[in-house]
1. Checking residue B:174 against (1) under 13 Å from residue B:234 (Cβ atoms); (2) crowded, with 18+ Cβ neighbours inside 10 Å; (3) over 19 Å from the mean Cα position of the chain (by Cα), which single condition isn't satisfied?
2. Looking only at region B:479-496, count how many residues are assigned to a loop (DSSP other than H, G, I, E, B) and under 14 Å from residue B:392 (Cβ atoms).
3. Can you find even one residue in region B:257-273 that is at pLDDT 85 or above and buried (at least 16 other Cβ atoms within 10 Å of the Cβ)?
4. Considering B:400, B:426, which residue is crowded, with 21+ Cβ neighbours inside 10 Å and of a type in the set (Gly, Ala, Ser)?
5. Just checking, which of A:87, A:79, A:52 is basic (Lys, Arg), over 30 Å from residue B:79 (Cα atoms) and within 10 Å of chain B (Cβ to nearest Cβ)?
6. Kindly list the number of the only condition in (1) within 18 Å of the chain's Cα centre (by Cα); (2) surrounded by fewer than 22 Cβ atoms within 10 Å (Cβ to Cβ); (3) within 14 Å of another protein chain (Cβ to nearest Cβ) that fails for residue B:506.
7. Restricting to region B:407-423, what's the tally of residues that are of a type outside the set (S, T, N, Q), over 12 Å from residue B:314 (Cα atoms) and more than 25 Å from the chain's Cα centre (by Cα)?
8. Name the residues in region B:95-128 that are more than 13 Å from residue B:83 (Cβ to Cβ), free of Cβ contacts under 8 Å to residues at least 24 places away in the same chain and over 39 Å from the mean Cα position of the chain (by Cα), would you?
Amino acid sequence: MEIHDRAWEGFRILVLGKTSLLPMQIEQSIASAHPDIEVQLSSFESYDQAFKFCKQEGNVGFFLITEDAADVPFNSAFKELAVHYEKNGFPAFGAILYHGEPNAFSERLVSKTPQLLEYLPTSVLLNPNQVDMTMRQLWQSYVLSFEQKILPKPLQDSLNALAEDRLGVESFHFISRLTNNLSSELNLSWLENVALKWAYVLEAVEESAPAVLRPSPHLRSLLQLCKGPSIGNITSDNLGSQIPLSKKVFALAKELDLARTQGKLGKILDGAASLAKPGAPKLLRHLQKHKNTILTFELDAKNIKRERLA
Amino acid sequence: MSQRTSLKLVTYNPNDYSLGEVLVKDTQQAISDSSSLSAILSLFFQWRDRATCHIVLEGNRSPIPASMDYDREDRFPSELKLTVVNEVPIGPPGTHKLKIRIELFRQCYEFDSALLDASVSDGICLFIVGMPGQILSFKQRRLPRVTVSVEDAGSLPDCFGLLGSEKLGPLRVTEIGTKAIRIALKIETQLESVILGGTEIPVEKVRISKGDHIYSFKFASHVHLGVVFDYYRQLAYPHIRPRCDFTAEELLGLYSDTNYLGKFQTEATASQRLDSLKDAWNSASQEFHRITADYVSTDDDNNLTGASSASLAFFQFAKPVWVFHQLCAKTLPHLLEQSGELYTWRADYLASRTEDLSVLAWFDSKSRWLERIYVKFAFHKNRSAKLRPVAVIRKNFSPSINSGSLPTKKERFGNEFRVMVDNVNSFGGAYPKFLNASGILDAIVSLEPVESESALNAIGATLASAVGADRLRLEVSVPFENKDKITGSDCELLHDVDRICSFDKSSLVDFIASVEHSIAVTQRKKVLGEVGDAA
């Protein structure tokens, strides 16, 4: 059972289509499967009404647009609607919807527009058995596309190289896997998800080559989402504290890495497991559940280092 | 996948005096697929402030109010936390399951969960339970009911009881709905009637609960319904008042301020219209509760903020068709809840009527708030409701030789009559002219695809003949795809409304739930532009 109510946090989602009733049917179908985002959803049959709404609110960051929604081509309509959100500095994304048979031309146009993530039949958003999965897939695409947009591949490679150099091979790989593992079951927003994935890299780069991050306010803000006080001992109080989740997870990853370097990882995880009773904070229960997996990360990190040295 | 289960007996609950109203036909589902379970719990956690949660203990003990939450950091919750003030007699962990009942937007969900841990601290019990593998979903079929506090009672009409020729009272009313009344009576008796505001209303004793006597109303006329509804709505809808409490000038000011009349084209000038409306509203007030109900909303300073009506406007398949109409509301954020009352009182009111009926509503889909209410209602809460795009075309009709072939029904409206024609899949009605302030109830409606215009023309001609008009202008609503079937040089396509929704009386509770849910969503959205008017 999944309740990921922070997934789409921080922006509105707009449905636009010309066909009578269809946009609201899509809106309500999504709302039915994901009541947590109903207040973020709006739908329109009129492009002008949608445009006015996007301009007025300025926070519509995701679009579900039928290919015949406007008199202009859908990629132009998307750009015109998205521009109001993008003034804030973040990219907007969307998916194009079709009724009946897919149109090859539309499909090609979607594939050529990086911010249009999918070309989908409306049925997958109207069918109660498919809408939940479709929205989860769209979210995954959204997170990945956002990451690629603000961290293009060459930049990722450069940052990783700098961070690995700073942290050392073992820490770099251990924290990388650990944060991925911890994030996978947490109620994190799209932004926190990306931030946690890159925070240890960005922090290492900030320490070793601060000039690299200076021209990138987005990357610095990602790091700020995760930087916080040390988690201290692995206790129920510390892991259940009111510190924002992304800061807590980042601090925990660093604490466990420190324990690894001191040869205490197994002991710390055993201690966490003993505290993970029903009602204990999620992070404690996670450490108990994934104890063996986390220990394999330690081994893997050692192996990678050994391979590198060899 | 969700699957229907067999009909379930309603468990006797001594605190629920409306047992007879609890209909479970087609309303119970066992839900076990992960996505649906997530959606139900997510809905609850989104609207915890509007939901209730109870732990239901075995035996006949009353459900215990509880607060339910989960670890909000967990994307895949594996346990729920229930907090109960006061100690609860529940055994050690591992040996019990807890039955939990949550209610939200008039939907009730019930599930069993394994008790994983229980602890008590400072008189607060904390239960940790596992996630449910199945949830039973029930629709609440009860009409709303309200508690009458001692303070409330002071401002409400006195209630007396009648036992033969003996008059008891004034009596203390502790709860009232439109179906039943709960009275604190110290003596064992069997009242035959109650007198509310001077009107004698037959009642029948249902039972005694916690010392209070519960009687169901036996309405013998619309007057009884009117008296009870007016008593009840002062508590349930404190901002709603009868339209006749205000002058025609005040009402016209409201309709002008909210641009209700401006939305509709009309030939009448403002002064002519005022005179006509005065007459029409006078006539309507004489038929209040018989075939029309007209209320307005006011703010705390008694200024008019909105109005809405429900009227018997048509017959289809010999069943009365009541129309939600004439709704206008000032679109200010702090009046949103009141705007909602303008919708819900009508549903509550029609559900309280004794006769079977259908409901019809037109609206403009540009109002996304209305579209949300009706789509939520027709596609998610009650699939028997029919919601469809329509074209509304204004057209003139004249009596024809064949016009006498269709039978008509007449209903008195004060000094005037409403004439109605029921012609299988289409129906129509006309007059009094300002039954709706914009004249939109002089209309023909076809809810099904139109094969040819002739059936509609026959209705139009019959109506023109029945009202004695050489030329009767009617608004013809047809499925949008049939708009070209309505022909004639004087046809005019209107754009003020483009949706029609029709549903049965039994769906009204779901309609109220949709309104309440949509209001909650809109309040969170805080988007004033989405709150609009309905026809």
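1. With respect to (1) under 13 Å from residue B:234 (Cβ atoms); (2) crowded, with 18+ Cβ neighbours inside 10 Å; (3) over 19 Å from the mean Cα position of the chain (by Cα), residue B:174 is out only on (1).
2. 4
3. Initially, region B:257-273 is screened for residues at pLDDT 85 or above, giving B:257-258.
Keeping just the survivors that are buried (at least 16 other Cβ atoms within 10 Å of the Cβ) gives B:258.
Yes; the residues of region B:257-273 include at least one that is at pLDDT 85 or above and buried (at least 16 other Cβ atoms within 10 Å of the Cβ).
4. After applying the criteria, what remains is B:426.
5. Unique residue meeting the criteria: A:52.
6. (3)
7. 5
8. B:95, B:96
The values are calculated or read from the model by the stated rules, or taken from the named source; none is laboratory data. These numbers come from a predicted model, not from an experiment. Cβ atoms come from the backbone with ideal geometry, glycine included; neighbour counts cover every protein chain shown.
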